[in-house]
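Laboratory data are not the source of any read-out in this text; all were calculated from the coordinates shown. Just so we're clear, the structure is a prediction, and the values are computed from it rather than from any experiment. Heads up, the Cβs are rebuilt from the backbone with ideal geometry, glycines too, and the neighbour counts pull from every protein chain shown.
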Amino acid sequence: MTAIVFGATGAVGKHLLSSLMESNKFTSIHSFVRSLPNSTSETLSKLEHHLVDFEKLCSEDEAEVGKLRKIKADAVFITLGTTRGNAGSAEKFERIDRDYVLASAKAALNPDHPSKVIYCSAQMADSSSRFLYPKSKGLTEEGLAKLYKEAIIFRPGFLAQADRPQKRILEEIYGRITSLASHFTPSVEIQVSTLGRAMVKAGEVGSSGLKGYGIGSPPGAKFQKQAEGDVTIVSNAEAKVLAEKS
């Protein structure tokens, strides 16, 4: 199988890429990044890094889109994301969190080779929300579902042990709370390494395989998608179970 990855340098993406490298099913991995990694240790036989200009993808630049369109991917993994604070404004946040994601997913579509999209969303995603973050995630989910006939959407809780370039004080405090709560419920947090493994497993088995495991559910009635599209929502608790499947 062949995979395309967007967001491989992020907190979740790094673990996703590591799990892809360990997968026996994925034999070709194409990671699209804004800057090439300094280390060459990751340059292994089945991994290739490509430079991408997300602004050009948003404008559907023919040359930039062509980099992706020529790859016949079986699975497109997307872990791109940011926060309003890091982006600098609500407009810039939406540009990165939604426009970049949808433009990348659209460019990765190859009309001659059907593929599935596996997206890391958020637990509170809701396109009708009054709040910026959950609304952006919800609209992105719906956009992906309209592009792809098979969309697998992960809605994780708090991302535990995420390696951030900058400390987030409120996040650290919240993490202590979810760490305690995780002793009583599997729904509040997930290790980023666990989430990465789960996403790769979903890419390997697809929606039908998830159903065989009894994992995943259809989106709610308010979710906007194509009539023929197959959308599977994977909860935080389900992602933990999926990660342990052999």
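Given points 7 Å out from each Cα along the Cα-Cβ axis, report the Ser246 to Arg130 separation in nanometres with one decimal.
Here the modelled spin labels are 5.1 nm apart.
Quick one: 3J(HN,Hα) in Hz for region 137-150, Karplus 6.51/-1.76/1.60 with θ = phi - 60°, rounded, Gly and Pro as x.
Those phi angles translate into 4, x, 5, 5, 4, 5, x, 5, 5, 7, 7, 10, 7, 9 Hz.
Compute the signed sum of charges (Lys and Arg +1, Asp and Glu -1) over the other residues within less than 14 Å, Cβ to Cβ, of Pro218.
Numbers: positive: Arg155, Lys211, Lys222, Lys225; negative: Glu141, Glu142, Glu150, Glu228, Asp230, Glu238.
Net charge in that neighbourhood comes out at -2.
Within region 227-246, name every residue whose backbone N is under 17 Å away from a label modeled 7 Å from Cα of Lys149 along the Cβ vector.
Counting only backbone N, you get 227-232.
For the chain, modelled as a GNM with alpha-carbon contacts under 10 angstrom, which of Ile71, Ile29, Ile152 fluctuates the most?
Ile71
Multiplying the sequence separation of Ala237 and Ser35 by 0.36 nm and subtracting their Cα-Cα distance, what value in nm do you get?
Numbers: separation 202, 0.36 × 202 = 72.72 nm, distance 3.39 nm.
My answer for the length gained is 69.3 nm.
For region 1-152, would you read off the P(r) tail past 27 Å as a percentage of all alpha carbon pairs? Don't skip to the end; give the middle numbers.
Values: 2172 of 11476 pairs.
Counting pairs separated by more than 27 Å, the tail of P(r) holds 19 percent.
Can you check what the net charge comes to around Gly229, using other residues whose Cβ is under 13 Å from the Cβ of Gly229 (Lys, Arg +1; Asp, Glu -1)?
My count for the surroundings of Gly229 gives -1.
Run lengths n ≥ 4 of DSSP H only: what is the helix-derived mean residue ellipticity at 222 nm for the chain, with -39500 (n - 2.57) per run over all residues, to the nearest 500?
Values: 10 runs with 98 residues, N = 246.
After summing the helix terms and dividing by residue count, I get -11500 deg cm²/dmol.
Restricting to bridges with both residues inside the chain, how much of the DSSP beta-bridge set is antiparallel, in percent to the nearest 5? Before the final figure, lay out the partial values.
Details: 2 of 33 bridges.
Roughly 5 percent of the beta bridges in the chain run antiparallel, per DSSP.
If you add up the charges near Cys58, with Lys and Arg at +1 and Asp and Glu at -1, over every other residue whose beta carbon is less than 15 angstrom from its beta carbon, what do you get?
Summing Lys and Arg as +1 and Asp and Glu as -1 gives -3.
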